[in-house]
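Written out below as structure tokens is the structure these notes cover.
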Amino acid sequence: MKVTQILVIAFFVTASSPTLSHDLRPIFIDASQNSAQSLIVRWKVPSTVPRGQIPMVSLSDGCQPETEPQIALRGDNYQTEQTYQCVDDVTGKILSLVFPGSNPSLTTVIRVKTHDGQLISGLLAPGELSWEIPEAPERWEVAKNYTKLGLDHIWLGWDHLMFVALLILIARTGKRTLITVTGFTLAHSLTLALSTLDILSIPIPAVEAIIALSIVFLATEVARANKTTLTYRHPVLVSSSFGLLHGFGFASVLREVGLPTTELPTALLFFNLGVEIGQIIFVLVIFGTIILTHVTRTKMNSQTAFSLSKARVGTMTAYSLGSVATFWTIERVLIFWA
């Protein structure tokens, strides 16, 4: 497991700093019709984007702005709102992002709620700036977009990946890792569905704080390296318990973006599938690196191999990830009173 620990350090010490943890959040565009001709467009941009680089949203011919856009900083997002009047229905119109300068290459998530209650969702990859509002979402397009959204969320959600990485350090073997990660997957899939469908709900700030605290807990277990604890003896119990809470975190994205009313099961299924694909890739990368490095080490001279094996990389990993997670815990708890 020394190699796994080295990989975790290299992957997270530079990537999971408190600042970077929010840098890659997407732009959210939420458009809602009051009537067949009136459209209120609201969009949120991460506060890490300079105020002078905040994009405007425009609609193609047939829709004219009725109000001037108003930009306000709320929490860690710039929020902007503008009302449009359209001569006919919004379907078929081109919605575009217009940046005053350089494009920060962020994914854009779009949600349009029509006057008859239909919810249409879209996803723009970094660099894409326009989207045609369809009459109704096609199943294949919904599946593709929500799979991509799930992949983006797991790869941008450093806290979830940090938790999985620490689970691997505790599980130690391939078989135990498979069982442990499967328990985590089943648990967060359950609460993801229950929360997204409004069957069960927990305040998101509390969920985010507990997710950070779960990383602190696992980091402490790794640092202590006491193989007699319940965590080491039955890691699937820990992964499943905390997995229920992580599911609420995953659901917060879907609750904000929304699910298309005509393809709700498809969107929910493929978002979860995207999350699982990203998680599996992450686990395979770690174990693939273990195998590759093991082969490489056999070709190293004995002195180098000895020095590498003596490094306290396990403790370094635990303290590195635990320190970041402790900062996140404090930061997220303070939001309760913000």
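The values are calculated or read from the model by the stated rules, or taken from the named source; none is laboratory data. Bear in mind the structure is a predicted one, so any value in this text is a computation, not a measurement. Cβ: placed from backbone, ideal geometry, glycine included. Neighbour counts: every protein chain shown. Each accessible area value is taken on the protein alone, full model and side chains, heavy atoms only, with ligands, DNA and RNA left out. Shrake-Rupley method; radii C 1.70, N 1.55, O 1.52, S 1.80 Å.
Out of all the residues in segment 219-236, is one or more closer than 19 Å to residue 152 by Cβ, assigned to a helix (DSSP H, G or I), touching a Phe, Trp or Tyr at 6+ places or on another chain (Cβ under 8 Å) and at pLDDT 85 or above? Steps first, answer last, please.
Taking segment 219-236 as the starting set, the residues that turn out to be closer than 19 Å to residue 152 by Cβ are none.
No.
Would you confirm, using the coordinates I've provided, whether residue 187 is open to solvent by less than 50 Å² (accessible area, probe 1.4 Å) and over 19 Å from the mean Cα position of the chain (by Cα)? For residue 187, the condition - open to solvent by less than 50 Å² (accessible area, probe 1.4 Å) and over 19 Å from the mean Cα position of the chain (by Cα) - is not met.
Return the only residue of 251, 206, 219 being within 21 Å of residue 315 (Cβ to Cβ) and open to solvent by less than 50 Å² (accessible area, probe 1.4 Å). Steps first, please.
Numbers: 251 fails: within 21 Å of residue 315 (Cβ to Cβ); 206 fails: within 21 Å of residue 315 (Cβ to Cβ).
After ruling out the rest, the residue left standing is 219.
For the structure I just gave you, tell me whether residue 276 is more than 30 Å from residue 175 (Cβ to Cβ) and open to solvent by less than 30 Å² (accessible area, probe 1.4 Å). Outline the logic, then answer.
Values: more than 30 Å from residue 175 (Cβ to Cβ): no; open to solvent by less than 30 Å² (accessible area, probe 1.4 Å): yes.
Criteria not met by residue 276.
For residues in segment 75-85 being modelled with pLDDT of 85 or more and open to solvent by 60 Å² or more (accessible area, probe 1.4 Å), which is nearest to residue 44 (Cα to Cα)? The extreme case among them is 81.
Do we find that residue 211 is aliphatic (A, V, I, L, M) and open to solvent by 50 Å² or more (accessible area, probe 1.4 Å) in this structure? Walk me through it before giving the result.
Working: aliphatic (A, V, I, L, M): yes; open to solvent by 50 Å² or more (accessible area, probe 1.4 Å): no.
For residue 211, the condition - aliphatic (A, V, I, L, M) and open to solvent by 50 Å² or more (accessible area, probe 1.4 Å) - is not met.
Per the listing 165, 193, the residue uniquely part of a helix (DSSP H, G or I) and farther than 27 Å from residue 31 by Cβ is 165.
Is it true that some residue in segment 62-69 is in contact with a Pro (Cβ under 7 Å, 6 or more places away or on another chain), crowded, with 18+ Cβ neighbours inside 10 Å and part of a strand (DSSP E or B)? No - not one qualifying residue is present in segment 62-69. The set of residues in segment 130-151 being open to solvent by less than 80 Å² (accessible area, probe 1.4 Å), modelled with pLDDT of 80 or more and out of contact with any helix residue (DSSP H, G or I) (no Cβ under 7 Å at 6 or more places or on another chain) consists of 130, 131, 133, 134, 145. Of all residues in segment 155-191, those that are closer than 22 Å to residue 252 by Cβ, free of Cβ contacts under 8 Å to residues at least 60 places away in the same chain and either of a type in the set (Gly, Ala, Ser) or touching a Leu at 6+ places or on another chain (Cβ under 6 Å) (or both) total 0. Counted as qualifying within segment 89-128 are the strands (runs of 3 or more DSSP E) with 2 or more residues that are open to solvent by 40 Å² or more (accessible area, probe 1.4 Å), namely 94-98, 108-113.
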